[in-house]
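Enquirer: Submitted below is the structure of interest, expressed as structure tokens.
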Amino acid sequence: MLERLCDAGFELLFTSHAEAIILHDFPELVEELESSLLGISLPMTEIIGGGGGEAKMTQRLRRGLAAKEWTKHNFELKKTVDGVAKESISHEIDHVRRTKSGVFALEIEWNNKDPFFDRDLENFKRLHAEGAISVGGIVTRGSAMQSEMRERVERFATDRSIANFEALAEFGAGSPTGPQRKQIEADIARGTEFAKAWSRKFTSDKFGQATTHWSKLQDRVHRGVGNPCPLVLIGLPPSIIDMTA
């Protein structure tokens, strides 16, 4: 199941018989998910680009999924006692796909703070316990992408002869903060080349250990967070990064 993703270097982890469930109940959704993920590309200029808000790659993936009817949905769970509403809790999921066989809920965590994993997994657990969803899924940066990010950013800067902050700005990179710039300049003063000093500081701040990536997700799942909801976890590979754009 999801062999095409495996062949393309994506990491996969299934819990609570999720693989058997999607194979039997959601084969058409597997095809939709595979085609959406296999079609994504991440230009390096978007990785180093400035500006806040949701990443452009995430936006493209969301639009592709929405076109296949993986749409945002707000689940509302109400507790009543003798017909009187006592409690109401809502859970918003970014991508929900419904079929006659059940409901597949999916979240994309490209680069958030890692506590978002706790929110997603606990939402899946509660919704599954209430019979609202059959399977939960999360897409995040894979372990290889996480470990190779600094080297790839440095290589991009080196290949394009980015040797100062002015040259960096020409590629649309965000301007480092005062403390960031001070650290980079201190490393350069110790003999480190600009590309290495900048890429090290940039990736440690933007894609550090406190952000959403594979090992952080894996750690939580191994501790039982989200259990017993069947989970499909997908790690994005470094091969989706386009070093030429």
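None of the figures in this text is laboratory data; all of them are computed from the coordinates on show. Model, not experiment: these values are computed from the prediction. Quick reminder, even Gly has a Cβ in these numbers, built from the backbone with ideal geometry, and neighbours come from all protein chains shown.
Enquirer: Can you give the FRET efficiency to the nearest 0.05 for residue 193 and residue 71, using r as the Cβ-Cβ distance and R₀ = 35 Å?
Expert: That gives a FRET efficiency of 0.15.
Enquirer: Out of every Cα-Cα pair in region 20-85, what percent are more than 17 Å apart?
Expert: Every Cα pair in region 20-85 considered, those over 17 Å come to 62 percent.
Enquirer: Another one. What is the angle, in °, between the Cα long axis of helix 27-38 and the longest principal axis of the Cα atoms in the chain? Nearest 10 is fine, range 0 to 90.
Expert: Result, in degrees: 10.
Enquirer: Give me the distance between the Cα centres of region 55-75 and region 1-52, rounded to whole Å.
Expert: Each part's Cα centre sits 13 Å from the other's.
Enquirer: Can you put 165, 156 in order, fewest other beta carbons within 10 Å first?
Expert: Ranked by crowding around the Cβ, least crowded first: 165, 156.
Enquirer: Sum -39500 (n - 2.57) across every DSSP H segment of at least 4 residues in the chain, then divide by the residue count to get the 222 nm mean residue ellipticity, nearest 500.
Expert: Per the formula, -14000 deg cm²/dmol.
Enquirer: Ok, one more. So what's the angle, to the nearest 10 degrees on a 0 to 90 scale, between helix 143-159 and the longest Cα principal axis of the chain?
Expert: The angle comes out at about 30 degrees.
Enquirer: Kirkwood Rh, region 89-224, all Cα pairs: how many Å?
Expert: 17.4
Enquirer: Helix 178-189: angle to the longest alpha-carbon principal axis of the chain, degrees 0 to 90, nearest 10?
Expert: 50
Enquirer: Taking trypsin sites (Lys or Arg not before Pro) that fall in a DSSP loop and have at most 13 other Cβ atoms within 10 Å as cut points, what is the longest piece of the chain between them?
Expert: Longest site-free region, per DSSP loop and neighbour criteria: 1-99.
Enquirer: A follow-up question, please. Taking R0 as 41 Å, what FRET efficiency do you get between residue 180 and residue 130 from their Cβ-Cβ distance, rounded to the nearest 0.05?
Expert: 0.35
Enquirer: Then there's this: What Rg and what Dmax come out for region 185-245 when only alpha-carbon atoms are used, in angstroms?
Expert: 17.3, 53
Enquirer: Please express the Cα-Cα pair-distance distribution P(r) of region 51-158 as a list of whole percents, one per 10 Å bin, running from 0 to the bin with the greatest distance.
Expert: 12, 35, 30, 15, 6, 2, 0
Enquirer: Antiparallel DSSP bridges in the chain: what percent, to the nearest 5?
Expert: Roughly 60 percent of the beta bridges in the chain run antiparallel, per DSSP.
Enquirer: Something else about it: Give me the net charge of residue 238's neighbourhood, meaning all other residues with Cβ under 13 Å from the Cβ of residue 238; Lys, Arg count +1, Asp, Glu -1.
Expert: Summing Lys and Arg as +1 and Asp and Glu as -1 gives 0.
Enquirer: Take the eigenvalues of the Cα gyration tensor for region 131-208, scale each by 5, and report the square roots as semi-axes in whole Å, largest first.
Expert: 32, 13, 12
Enquirer: For region 156-197, report the convex hull volume of the alpha-carbon atoms normalised per residue, in Å³, without decimals.
Expert: 60
Enquirer: Taking Cα atoms of the chain, Rg/Rh with Kirkwood Rh, to two decimals?
Expert: 1.04
Enquirer: Placing +1 at every Lys and Arg Cβ and -1 at every Asp and Glu Cβ, with all other atoms neutral, what dipole size does the chain have around its Cα centre, in debye to the nearest 20?
Expert: Rounded to the nearest 20 debye, it is 520 debye.
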